[in-house]
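Asks: I'd like to ask some things about the structure below.
The values are calculated or read from the model by the stated rules, or taken from the named source; none is laboratory data. Please read all numbers here as calculations on a predicted model, not as lab measurements. Because the Cβ atoms are built from the backbone with ideal geometry, glycine has one as well, and the counts that use them run over all protein chains shown.
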């Protein structure tokens, strides 16, 4: 498949669009969805002590909350205890008693759900199948008081389906922490169809207590951050397959201002996690949408990222990353099998494709009402996705480029793939009306 040469448009904004603290900083004043009185968050129960659950517990301990971590079996509980012990032992020692001792007194680790009784908020943080999640919520509502709020911390389950298994669905809210949960300062608070204002206010109260930026999201696949991230990675994989390498892609995005590119970031989180998410979304995937099979080959080779010593990069001796020619060869092979004539993408065109993919997806998210405002998407992009802070956020940057230039380039890219590069109706509306995404 030959690709027409596409000249990248100038991504350099030639007017001053210096960001303000309101755009990239914490929310100023209370959000308009927070008027209700929140529930009690001084005692929180977390079910699931993996990387996400353990991070949530760590963040809550750091904020002075009393925590109960529930794991269903001894083996999982032992792993969670070892992980949390490392976090606690690394805590600073100051005050009347050491912080570590205070945190130990605030934490209960157990396999007995009854120990969660008295918590005002319970958070499910597992990667289990929906039927297991429903069982977890059934157990929680059996031991918690009627005022307790029930939350799911991951972006994969349908929050409405979970709420449908609870006797009072209004108690259920989504609390999507970005990894690592104890470090990232963004919290997507997800409203299901039945979620009460009180449950939302409880999520907001937790975000404030943990000093995280709260953003309200509608219950849709991927919410805001993960949906933009999925399109970003899809665009990166297409560029890699058709004419680049992971290190060229990463370097181009670092030059734009990201702390790291999509491939180095995926090596940290694990290719197995990304692959599982792709497989999970497969049933709902548009059959006309192009599939990039390289990650399947990576899984076959056991290249799962830093934890295996090799992913998109190699990590000899557990040290820094080095380019891996085997990975580059995989793209050459798959392009050959698919009949693709590879092109040589330069850094400007790499950046153009990845940034336009993110902007177009974000416009759809805004147009569908998944996000309340362009400003909320900017907060997610900066605080959750690593978009360079000084550029003000993804849609702030898009408004500086202007809808006419963006739509023109998207139409050009749609000539090679009309499915992936379908122009967002919201961008077309902005173009027609002569308004910005922020003004919509």
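Asks: Any residue in region 295-317 that is at positive phi and at pLDDT 95 or above sitting within a Cβ distance under 7 Å of a residue that is in a helix (DSSP H, G or I) and crowded, with 16+ Cβ neighbours inside 10 Å? List the pairs, counting only those 6 or more apart or interchain.
Replies: 305/266; 305/267; 305/271
Asks: Continuing with this model, one more query. Determine whether region 265-286 contains at least one residue that is farther than 24 Å from residue 394 by Cα, part of a loop (DSSP other than H, G, I, E, B) and touching a residue at least 24 places away in the same chain (Cβ under 8 Å).
Replies: There is at least one residue in region 265-286 that is farther than 24 Å from residue 394 by Cα, part of a loop (DSSP other than H, G, I, E, B) and touching a residue at least 24 places away in the same chain (Cβ under 8 Å).
Matching residues to (1) surrounded by fewer than 20 Cβ atoms within 10 Å (Cβ to Cβ); (2) not in a helix (DSSP H, G or I):
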residue: 64; (1), (2): yes, yes
residue: 75; (1), (2): yes, no
residue: 79; (1), (2): yes, no
residue: 84; (1), (2): no, no
residue: 87; (1), (2): yes, no
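Asks: Continuing with the same structure: Quick one: how many residues across region 63-76 are farther than 16 Å from residue 121 by Cβ and at pLDDT 90 or above?
Replies: Final tally of qualifying residues: 1.
Asks: In addition: Which residues, counting only those in region 120-150, are outside any helix (DSSP H, G or I), surrounded by 13 or more Cβ atoms within 10 Å (Cβ to Cβ) and either modelled with pLDDT of 90 or more or touching a strand residue (DSSP E or B) at 6+ places or on another chain (Cβ under 9 Å) (or both)?
Replies: 120, 121, 122, 123, 124, 125, 126, 144, 148, 149, 150
Asks: Further question: Looking only at region 220-242, decide whether some residue is more than 19 Å from the chain's Cα centre (by Cα), part of a loop (DSSP other than H, G, I, E, B) and surrounded by 21 or more Cβ atoms within 10 Å (Cβ to Cβ).
Replies: no
Asks: Can residue 223 be described as at positive phi, touching a strand residue (DSSP E or B) at 6+ places or on another chain (Cβ under 9 Å) and in contact (Cβ under 8 Å) with a residue 40 or more places away in the chain?
Replies: Judged against the criteria, residue 223 is a match.
Asks: Further question: Considering only region 227-271, state which residues are touching a strand residue (DSSP E or B) at 6+ places or on another chain (Cβ under 8 Å) and at negative phi.
Replies: Of everything in region 227-271, those that are touching a strand residue (DSSP E or B) at 6+ places or on another chain (Cβ under 8 Å) and at negative phi turn out to be 245, 246, 247, 263, 264, 266, 267, 268, 269, 271.
Asks: Then there's this: Is there a residue in region 95-103 that is part of a helix (DSSP H, G or I), modelled with pLDDT under 75 and either crowded, with 18+ Cβ neighbours inside 10 Å or out of contact with any helix residue (DSSP H, G or I) (no Cβ under 6 Å at 6 or more places or on another chain) (or both)?
Replies: Yes, that holds for at least one residue.
Asks: Among the residues in region 333-356, are any more than 25 Å from the chain's Cα centre (by Cα), in contact (Cβ under 8 Å) with a residue 60 or more places away in the chain, outside any helix (DSSP H, G or I) and crowded, with 20+ Cβ neighbours inside 10 Å?
Replies: The answer is yes; a qualifying residue exists.
Asks: While we're here: Can you pull out every residue in region 168-180 that is part of a loop (DSSP other than H, G, I, E, B) and either surrounded by 22 or more Cβ atoms within 10 Å (Cβ to Cβ) or in contact with a helix residue (DSSP H, G or I) (Cβ under 6 Å, 6 or more places away or on another chain) (or both)?
Replies: 178, 180
Asks: Here is a further query. Which of (1) part of a loop (DSSP other than H, G, I, E, B); (2) modelled with pLDDT of 95 or more; (3) in contact with a helix residue (DSSP H, G or I) (Cβ under 6 Å, 6 or more places away or on another chain) is the odd one out, the single condition residue 195 does not satisfy?
Replies: (3)
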